[in-house]
Amino acid sequence: MAEAPKPLNPPNSQSTQPGQQGQQVQIKADEKELLGQYSNLVVIHHNAEEFTLNFIYMFPNVPQGKLVASLIVNPMHAKRLLRALQENVARYEAQFGPLPEGSPHQEPKVGFVQ
């Protein structure tokens, strides 16, 4: 029998939801969500109303990948997500040292198939 979902309270995490100062939010997730998905490429599109983030796993040594998750957020949330990522990368670098920028490379041209 599967274990009941547990509330999440990840350490070193930052909420990107406005107006929740001092409030603890209980989030339900089952084991599948808790395991997460690995992505080594993110393709981002936007229009006036939303940002779409397509998280892709590119297979090594093969010009093929798999869409593992697609998130659609409004522009204000995209900006909060950007700020949260910047703050978390800064904290990571303060703890573990600077991340290399890497060599500039051309992102692969991505086309979706069914």
Could you list His45, His77 so that the one with the fewest beta carbons within 10 Å of its beta carbon is first and the one with the most is last? His45, His77
Got a sec to turn the phi values of segment 29-45 into Karplus ³J(HN,Hα) couplings, 6.51 cos²θ - 1.76 cosθ + 1.60 with θ = phi - 60°, whole Hz, x for Gly and Pro? 8, 8, 4, 4, 5, 5, 5, x, 10, 8, 9, 10, 7, 10, 10, 10, 10
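Select from segment 64-114 those GluC sites (Glu not before Pro) which occupy a DSSP coil region and have at most 16 other Cβ atoms within 10 Å, ordered by residue number.
Values: sites: Glu87, Glu93, Glu101; in loops: Glu101.
Listed in order of number, the matching sites are Glu101.
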Using the Karplus curve 6.51 cos²θ - 1.76 cosθ + 1.60 with θ = phi - 60°, what ³J(HN,Hα) values do you get for each residue of segment 79-87, in whole Hz, with x for Gly and Pro? 5, 5, 5, 4, 4, 5, 5, 4, 5
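For Glu87 and Asp30 in the same chain, what is the full-extension length gain: residue separation times 0.36 nm, less their Cα-Cα distance, in nm? Walk me through the numbers on the way to the answer.
Numbers: separation 57, 0.36 × 57 = 20.52 nm, distance 2.79 nm.
Between Glu87 and Asp30, full extension yields 17.7 nm more.
Kirkwood Rh, segment 35-97, all Cα pairs: how many Å? Present the calculation step by step, with values, prior to reporting the outcome.
Values: mean 1/r = 0.0742 Å⁻¹.
Computed over Cα pairs of segment 35-97, the Kirkwood hydrodynamic radius comes out at 13.5 Å.
Given Cα pairs under 8 Å that are at least 6 residues apart, what percent is the relative contact order of segment 35-97? Intermediate values should be presented prior to the final figure.
Details: 75 pairs, mean separation 15.6, N = 63.
Dividing the mean separation by the residue count of segment 35-97 yields 25 percent.
FYI, it's all coordinate maths here, none of it is from the lab. Keep in mind that this is a model prediction, so the values were computed, not measured. Ideal geometry is used to build each Cβ from the backbone, glycine not excepted, and the neighbour counts take in all protein chains shown.
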